[in-house]
Each structure stands twice: as structure tokens, then as C-alpha cells.
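Novice: Encoded as C-alpha cells, here's the structure I'll be asking about.
FYI, it's all coordinate maths here, none of it is from the lab. Please read all numbers here as calculations on a predicted model, not as lab measurements. Cβ placement follows ideal geometry from the backbone for every residue including glycine, while neighbour counts extend to all protein chains displayed.
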Amino acid sequence: MASISSAPEQSDSLKAFGAALKVFRERALLTQEQLAERLNYSIASVASIEQGRRMPTAHFIERAEESLDSFGVLRAVARHVSRRPGLAAWFRLWAQLEATAVSLCTYECRVVPGLLQTEAYARAVMLNVPPPPTEEELEERITARMERQELLTRRPPIVFSFIVDESVLLRHTGGEEVTRELLDHLISRAELWNVELQIMPLRQPHHAGSDGPMQLLETPDNRWLGYSEGQQTGQLITGPKDVSLMQMRYAKMRSQALSPADSAELLKRMRGAL
């Protein structure tokens, strides 16, 4: 088990992309504000990317390439952007494995899984846990979390299973408005054909997940791996017996949680009550 600092790294490749973006923006005689409006991104996002502090998403790269007519230069430079800011050091390997996964199973009893969070909910979660991040660290973490969500619509697709404790939603992290938006988001995500979302009811005397959160992942060669995370640590689990045990527990939880249809109805009732 590793315990490693999650401090942000410096990246020459990010700075190079930002410099190229600035050159083509100025060539087009656009201010940051004008480019942000044209790309439908915030001014802060454009500024952070130009300064090499924020990872550009694939969507941003394509919009900028087309809008600035940069002759393919932005796409070429983007291929060398290797930094993954905002990810805890112990989570980076799992994030790399996620990117090529065939299927991914996640059980959470602390917070809504990062792949299902809204930006407002993610911000509330990050600001709740001491020590408070700097503004730069916060933006990097949120960007990394939102970028990971592109996995939900990746091609070839990943098959997702999520089990979330009802108590996580009843906590109303971030307040009522954040919770309303989160519930709407969860309802829409659960409608994706490759996403199965189940809620573990608050009253469930038989709960196979008492040992805490877990993730399971199937690789392209159909191997299964596990991941467990705690305070400032993360553990990649590769032993066949250990992974088999996690699969057994997860399968049991799927039978104990509400069905996907009943889970969707519960989410709608919770949303209606706010």
C-alpha cells in the first residue's frame, strides 16, 4: 500500500500547449474573453490552459483547433501533453487502467463516485476535507474529475456498475441546490445504456460491503483487478484470491441493493422531496 503526496506537478508539455494556444489566439486577434465565448468555455478555463495550469479536454482541443484554424498544430502538441493534474499520486495508476477498461464496478459509502459527480458536488466534497486546497489545486482536481467522466461515453464503451449507499445522498453535501442538481444528474446518468446504478437502502440488515468502498475493473484481456482507497492511501489489488473475494462481495451487494429500476424511482422521489 502506497502513501504518497498528491501535490500538483509542473509540466512543460502543458505549458507548451498553452503557449501554442495563445499564439493562435493572438493570431486570430481574439482576447481570452472572446475565445472563451466562441468555445463556450469560461474565461478562467481558457486563462488556466494558456498558463499551463489546466489540462485541456479533448473537446476543448477540437473546438480550439477548428475555431482558430491552427493547421493541426494544437492537436499535434496535445498528443504530448502527459500530465494528469489533480489526481492523487496513489490513484494515477488506477486512472490509467480505467482508460482501457472493458467493465468497471464501483461501490461507495462515503461520497458519490467521482465518475457520477457534478462539478458543484465535487467542489463541495473537496472543500469539506482539510486542509483546504489552493484555488489552483481545486481547479486542477475538478478538471481531472470531470475529464474522467468522459469514460462514460467512450468508444469502445465501458460497462459500468455503481452501488451507492443511500446515506451518501441523504447527507445533502453542499446544500439543497447542489443536491437537487446531483440527483438530476444521477437520474440522467442511470439512463445511459452502459450504466447500471443501484442504491443500497439505508435499512438493510444484510450488507456485504461493511469493509468499505471498493472498485473492480476488467482489462481488455479479461483479467480482473481490484482497488481499495482510504485516508491518503490507495491499494491496487492483483492477487487472484483477493480479487475473487472482492467479486464475491460485490455480487452479494448487487443482490442486496435496490434494483436499477427501483433505484431510479427512489432517486426521483428524493428529488421531488427537495
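Novice: For THR57, enumerate residues with amide H under 5 Å from its amide H, sequence gap 5+ or separate chain, H modeled in the peptide plane.
Specialist: none
Novice: Would you mind checking which residues have amide H under 5 Å from GLN204's amide H? H placed 1.01 Å from N; only 5 or more apart, or other chain.
Specialist: HN-HN under 5 Å from GLN204: empty list.
Novice: Same structure, new question: Subtract the Cα-Cα distance of GLU33 and ARG92 from 0.36 nm times their separation in residues, and report this length gain in nm to one decimal.
Specialist: Net length gain for the segment: 17.9 nm.
Novice: If you don't mind, there's one more thing I want to ask. Measuring from centroid to centroid over Cα atoms, what is the spacing of segment 29-64 and segment 198-274 in Å?
Specialist: Each part reduced to its Cα centre gives a spacing of 37 Å.
Novice: Another question, if that's okay. Which residue fluctuates most in the GNM of the chain (Cα springs below 10 Å): PRO240, PRO130, PRO113?
Specialist: PRO130
Novice: Moving on. Along segment 19-35, what does the Karplus equation 6.51 cos²θ - 1.76 cosθ + 1.60 (θ = phi - 60°) give for ³J(HN,Hα), rounded to whole Hz, x for Gly and Pro?
Specialist: Couplings: 5, 5, 4, 5, 4, 6, 5, 5, 4, 7, 6, 10, 7, 4, 4, 5, 5 Hz.
Novice: Now for a separate question. What ³J(HN,Hα) values, in whole Hz, does the Karplus curve 6.51 cos²θ - 1.76 cosθ + 1.60 give for segment 101-107 when θ = phi - 60°, with x put for Gly and Pro?
Specialist: Those phi angles translate into 5, 8, 8, 9, 10, 9, 10 Hz.
Novice: Oh, and also: Assuming a ≥ b ≥ c are the square roots of the Cα gyration tensor eigenvalues, decide whether the chain counts as rounded (a/c under 1.5), prolate (otherwise, with a/b larger than b/c) or oblate. Could the numbers behind the result be given before it?
Specialist: On the way: a/c = 1.98, a/b = 1.63, b/c = 1.21.
It is prolate, given that a/c is not under 1.5 and a/b is the larger ratio.
Novice: Among GLN247, ALA190, HIS59, which residue has its Cα furthest toward the positive end of the charge dipole of the chain, with +1 on Lys/Arg Cβ and -1 on Asp/Glu Cβ?
Specialist: Checking the options against the dipole of the chain, the answer is GLN247.
Novice: Also: What spacing in nm lies between the two simple spin-label points modelled at GLU119 and MET248, each 7 Å away from Cα in the Cβ direction?
Specialist: My value for the distance between the label points is 4.5 nm.
Novice: With labels modelled as points extended 7 Å from the Cα through the Cβ direction, what inter-label distance (nm, one decimal) is found for ASP262 paired with VAL23?
Specialist: That separation, rounded to one decimal, is 6.1 nm.
Novice: Here's a follow-up. Taking a virtual spin label 7 Å from the Cα of ASP69 along the C-beta vector, which residues in segment 14-44 bring their backbone nitrogen under 11 Å of it?
Specialist: Output list for this probe position: 28.
Novice: Let me ask something additional. Using R₀ = 22 Å, calculate the FRET efficiency as 1/(1 + (r/R₀)^6) where r is the Cβ-Cβ separation of THR238 and ARG110; round to 0.05.
Specialist: Numbers: r = 24 Å, r/R0 = 1.08.
After rounding to 0.05, the efficiency reads 0.40.
Novice: Report, by chain and number, residues whose modeled amide H sits under 5 Å from the one on VAL159, excluding near sequence neighbours (fewer than 5 apart, same chain).
Specialist: For VAL159, the qualifying residues are SER103, LEU104.
Novice: Listing VAL129, VAL23 from the residue with the fewest other Cβ atoms within 10 Å to the one with the most, what is the order? Could you put the intermediate results ahead of the total?
Specialist: On the way: VAL129 10, VAL23 15.
With the fewest neighbours first, VAL129, VAL23 line up as VAL129, VAL23.
Novice: Let me ask something else. Report ³J(HN,Hα) in whole Hz for each residue of segment 194-209, in order, from the Karplus equation J = 6.51 cos²θ - 1.76 cosθ + 1.60 where θ = phi - 60°; Gly and Pro get x.
Specialist: 9, 10, 10, 10, 10, 9, 7, x, 4, 9, 8, x, 10, 9, 7, x
Novice: Sticking with this structure for a sec: Taking the beta-carbon count within 10 Å as an exposure proxy, list PHE162, PHE17, PHE71 from fewest neighbours to most. Don't jump to the answer; show the numbers that get you there.
Specialist: Numbers: PHE162 24, PHE17 27, PHE71 10.
With the fewest neighbours first, PHE162, PHE17, PHE71 line up as PHE71, PHE162, PHE17.
Novice: Subtract the Cα-Cα distance of VAL129 and GLN149 from 0.36 nm times their separation in residues, and report this length gain in nm to one decimal. Can you show the working numbers first?
Specialist: Numbers: separation 20, 0.36 × 20 = 7.20 nm, distance 2.19 nm.
Answer, rounded to one decimal: 5.0 nm.
Novice: Below 8 Å, C-alpha to C-alpha, sequence gap of six or more: please give me the relative contact order for segment 89-272 in percent. Mind dumping the intermediate values first?
Specialist: On the way: 258 pairs, mean separation 52.8, N = 184.
Taking the mean separation of contacting Cα pairs over the length of segment 89-272, I get 29 percent.
Novice: How would MET270, MET200, MET146 line up from fewest to most surrounding beta-carbon atoms within 10 angstrom?
Specialist: Numbers: MET270 20, MET200 23, MET146 16.
Starting with the residue having the fewest Cβ neighbours, the order is MET146, MET270, MET200.
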